[in-house]
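One structure below.
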Amino acid sequence: MEEKQPLKQPVHVGLIMDGNGRWAKKRKMPRSFGHSAGMNAMIKLVGHISAHTQETGVKYLTVYTLSTENLSRPAEELEGLFNLLRKYFTTNVKKLYAKNCAVKVIGDLTVLPEDIRELLIAGENNSPDDAGFTVIFAINYGGRCEILNAVNLAVEGGKKLNAEEFEKLLYTDGVPYPDLIIRTGGEMRLSNFLAYQAAYAELYFTDVLFPDFNEKEFDKALKEFSRRERRYGKV
Ligand code: IPE
Ligand code: IPE
Ligand code: MG
């Protein structure tokens, strides 16, 4: 009799939310319109994923919100993005806590406007302790910057580290490696996302622009993941 394999499920999913600008351009609207639509899509998606952790097995979702490179976008676009973050971290995070979800922020927060930095830190600190699901916001995040930061901390410590000790110095300390990374918007690259942690992640690319990326599209990615064979270099 053929043995039934358990369905493969990712514990940690990374999401590169790309394509907001092109979504807006197609509608002859400013890029900020695309970012607002992207924010709405993200809110809906997080609600869906957090409500289905039992069935899907997904316990961590890292959303690439702003890269270190994005910080050199025009001031007007950045201000729009910051305002969306202000709004999200004042109102929406509370809805997450109410559903027993925790919030974590990774990235270099030191160069962000002070009020945003405070909101992000509070967003993390006010999270429930026993959360069943964690949303990790990568904000002014860059994988290279994260690794360099960890290396400098290690050098300050003055002794050689093993992998386990080194990983404690990354922003993602305590979070398992991503199993699946989804990128919307058609580009097939990681753009400095989780450079260290993604070494063995399964990658899923879709042409869907992020504001159109919904629960159905997410579930398609999970289905594709369940068919992948992860070998980790073995035969
Ligand atoms: C992703 O959408 C959101 C951020 C990078 C902040 P983009 O703004 O990169 O949208 P496109 O790629 O120009 O369509
Ligand atoms: C990656 O998208 C960053 C985020 C989605 C936050 P970009 O649009 O910045 O990436 P590139 O420039 O196409 O590589
Ligand atoms: Mg882009």
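FYI, it's all coordinate maths here, none of it is from the lab. Every value quoted in this text rests on a predicted model; they were computed, and no experiment measured them. So basically every Cβ, Gly included, is an ideal-geometry build from the backbone, and we count neighbours across all protein chains shown.
Taking every DSSP helix (H) stretch of at least 4 residues in the chain, weighting each as -39,500 (n - 2.57) and dividing the sum by the residue count yields a mean residue ellipticity at 222 nm of -12000 deg cm²/dmol. In the structure shown, do any of 44/104; 87/220; 59/223; 8/59 have a Cα-Cα gap over 25 Å, and if so which? Table pairs above 25 Å Cα-Cα are 87/220. Between residue 98 and residue 55, the C-beta separation translates, for a Förster distance of 25 Å, into a calculated FRET efficiency of about 0.75. State which helices in the chain qualify, where a helix is a whole DSSP H run, it must extend 27 Å or more along its own axis by its Cα atoms, and its mean Kyte-Doolittle hydropathy must be at least -0.5. Answer set is 31-51.
Ordering 133-145, 21-33 by mean Cβ neighbour count within 10 Å, with the highest value first, yields 133-145, 21-33. With R₀ fixed at 41 Å, the C-beta to C-beta distance from residue 147 to residue 26 puts the FRET efficiency at about 0.70. A simple spin-label model places the labels of residue 164 and residue 199 1.6 nm from each other, with each point 7 Å out along Cα-to-Cβ.
The Cβ shell under 12 Å around residue 61 holds other residues with a net charge of +1, Lys and Arg each +1, Asp and Glu each -1.
Other residues within the sphere of radius under 15 Å centred on the Cβ of residue 102, judged by their own Cβ, net out at +1 (K and R +1, D and E -1). Just add up the charged neighbours of residue 193: K/R +1, D/E -1, any other residue whose Cβ is under 12 Å from the Cβ of residue 193. Here the charged neighbours net out to -1. For the pair the stretch 200-226 and the stretch 26-77, the centres of their Cα atoms are 13 angstrom apart. Loop-located trypsin sites (Lys or Arg not before Pro) across the stretch 171-235 with a Cβ neighbour count of 13 or fewer within 10 Å are 189, 230, 231, 234, with loop assigned by DSSP. Once the Cβ-Cβ distance of residue 130 and residue 43 is raised to the sixth power relative to R0 = 22 Å, the FRET efficiency obtained is 0.40.
Computed packing ranks the peptides 101-112, 161-172 as 101-112, 161-172, most packed first, by mean other Cβ atoms within 10 Å.
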